[in-house]
Amino acid sequence: MNKYKTSDLYLSAFLKLKGFKYEVEKLGKKIVFLFEETPELLKLVNDYLTENASCDPLGYANSIKNLKNFLYNNR
């Protein structure tokens with residue numbers, strides 16, 4: 001199974017909000033989020049990067065806060 005890797009916290013928060021499960025990998029001081037690469041995920045990534053995606057703004061803000069808390073607590 002291929003993994004989609006990104007260190008973009010905001011993209012990861014968006015994918016998390018859309019229901020994708022993730023793993024976290026530490027590469028030195030850098031954190032990388034890994035998602036199972038599927039056609040649906042790749043379409044959402046493309047939509048996000050081209051500013052064609054939409055989501056619940058409060059849910060997105062909460063997803064960002066949750067990931068930041070996770071990273072802060074797992075330094």
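I'm checking my understanding of the structure. Among residues of segment 18-29 that are charged (D, E, K, R) and assigned to a loop (DSSP other than H, G, I, E, B), which one is most open to solvent (accessible area, probe 1.4 Å)?
The selected residue is 29.
Within segment 43-67, being exposed (fewer than 14 other Cβ atoms within 10 Å of the Cβ) and under 15 Å from residue 22 (Cβ atoms) holds for one residue alone: 66. Out of curiosity, is residue 5 modelled with pLDDT of 95 or more, among the basic types (Lys, Arg) and part of a helix (DSSP H, G or I)? Spelling it out, it is not the case that residue 5 is modelled with pLDDT of 95 or more, among the basic types (Lys, Arg) and part of a helix (DSSP H, G or I). Scanning segment 30-74 for residues that are in contact with a Lys or Arg (Cβ under 9 Å, 6 or more places away or on another chain) and not in a helix (DSSP H, G or I) yields 32, 33, 34, 35, 36, 37, 53, 55, 74.
With respect to the conditions (1) touching a strand residue (DSSP E or B) at 6+ places or on another chain (Cβ under 7 Å); (2) loosely packed, with under 15 Cβ neighbours inside 10 Å; (3) in a helix (DSSP H, G or I), residue 15 lacks only one, and its number is (2). Take the conditions out of contact with any helix residue (DSSP H, G or I) (no Cβ under 6 Å at 6 or more places or on another chain), modelled with pLDDT of 95 or more, closer than 22 Å to residue 1 by Cβ and surrounded by fewer than 17 Cβ atoms within 10 Å (Cβ to Cβ) and apply them to residue 38. Does it pass? For residue 38, the condition - out of contact with any helix residue (DSSP H, G or I) (no Cβ under 6 Å at 6 or more places or on another chain), modelled with pLDDT of 95 or more, closer than 22 Å to residue 1 by Cβ and surrounded by fewer than 17 Cβ atoms within 10 Å (Cβ to Cβ) - is met.
The values are calculated or read from the model by the stated rules, or taken from the named source; none is laboratory data. Quick caveat, the model's predicted, so the values are computed rather than measured. Neighbour counts are summed over all protein chains in view; Cβ atoms, including those assigned to glycine, are modelled from backbone coordinates with ideal geometry. When the accessible area is computed, the model is the full protein with side chains, heavy atoms only, and any ligands, DNA or RNA have been set aside. Shrake-Rupley method; radii C 1.70, N 1.55, O 1.52, S 1.80 Å.
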